[in-house]
Amino acid sequence: MRARGPGVDAIPKIYDWLQDQGNAWESVGQKIVYIPLGPWEDDMSEKNKQISEFMRQNFFRMIQSVRPLLLSYGWFEETVDKWSAGAHEEVKILKNKYYIR
């Protein structure tokens, strides 16, 4: 997959790439934030519940968007569909508690 472009591996490198530009930016900062994948934390504010639900919805879209890539690499359609359905169901019912960085 890396041969097709940087993909998700690029995300941690963005800060360094901006720093490498020298004085092109007035200020470059970095803050690592962990967001619950779905509203499962106790005592979440309404705002944080909404943010975590948006993150869960984005995750569902990511599952769908990676399907063609997996198929193009030769994975069987039944296998990809099984993986996708399993991941979707696990996050939908909040079986396990995850954070997204």
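Read-outs: derived from the displayed coordinates by stated rules, not from any lab. Nothing here was measured: the structure is a model prediction, and the numbers come from that model. All Cβ positions, even for glycine, are placed from backbone atoms using ideal geometry, and neighbour counts span all protein chains on display.
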For region 22-100, run through the chymotrypsin sites (Phe, Trp or Tyr not before Pro) and keep only the ones in DSSP coil with at most 16 other Cβ atoms within 10 Å of their Cβ. W25, Y34, W40, Y73, W75, F76
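Multiply the residue separation of K31 and K97 by 0.36 nm, subtract the distance between their alpha-carbon atoms, and state the gained length in nm to one decimal. Don't jump to the answer; show the numbers that get you there.
Values: separation 66, 0.36 × 66 = 23.76 nm, distance 2.21 nm.
This chain segment gains 21.5 nm when fully extended.
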Within the chain, GluC sites (Glu not before Pro) in DSSP loop having at most 14 other beta-carbon neighbours inside 10 Å: E26, E41
From the backbone phi of region 11-20, what are the Karplus-calculated ³J(HN,Hα) couplings (6.51 cos²θ - 1.76 cosθ + 1.60, θ = phi - 60°) in whole Hz, Gly and Pro given as x? 4, x, 8, 4, 4, 5, 4, 5, 4, 5
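About the Cα centre of region 27-91, how large is the charge dipole given +1 on each Lys and Arg Cβ and -1 on each Asp and Glu Cβ? Please answer in debye to the nearest 20.
On the way: 7 positive and 10 negative charges, 72 e Å.
In debye, rounded to 20, region 27-91 gives about 340.
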HN-Hα J in Hz across region 73-89 - Karplus 6.51, -1.76, 1.60, θ = phi - 60°, x for Gly and Pro: 8, x, 5, 5, 4, 4, 5, 4, 5, 5, 4, 4, 5, x, 5, 4, 5
Charge-dipole axis of the chain as Lys and Arg at +1 and Asp and Glu at -1 on Cβ define it, positive-most pick from W83, P68, G29: P68
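Pop out the Kirkwood hydrodynamic radius of the chain from its pairwise C-alpha distances, inverse of mean 1/r, in Å to one decimal. Intermediate results must be reported in sequence, preceding the final value.
Working: mean 1/r = 0.0616 Å⁻¹.
Roughly 16.2 Å, rounded to one decimal.
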For the chain, what does -39500 (n - 2.57) per DSSP helix run (n ≥ 4), summed and divided by total residues, give at 222 nm, in deg cm²/dmol to the nearest 500? -16000 deg cm²/dmol
Search the structure for amide H atoms under 5 Å from the amide H of I100, placed 1.01 Å from N in the peptide plane, and list their residues when 5 or more places away or on another chain. I35, L37
With the 8 Å Cα cutoff and a minimum separation of six or more residues, the chain has a relative contact order in percent of 32
As a quick test, which of the pairs K13/K97; K31/K95; K49/K92; K13/K49 have an alpha carbon distance above 22 angstrom in this structure? K13/K97; K31/K95; K13/K49
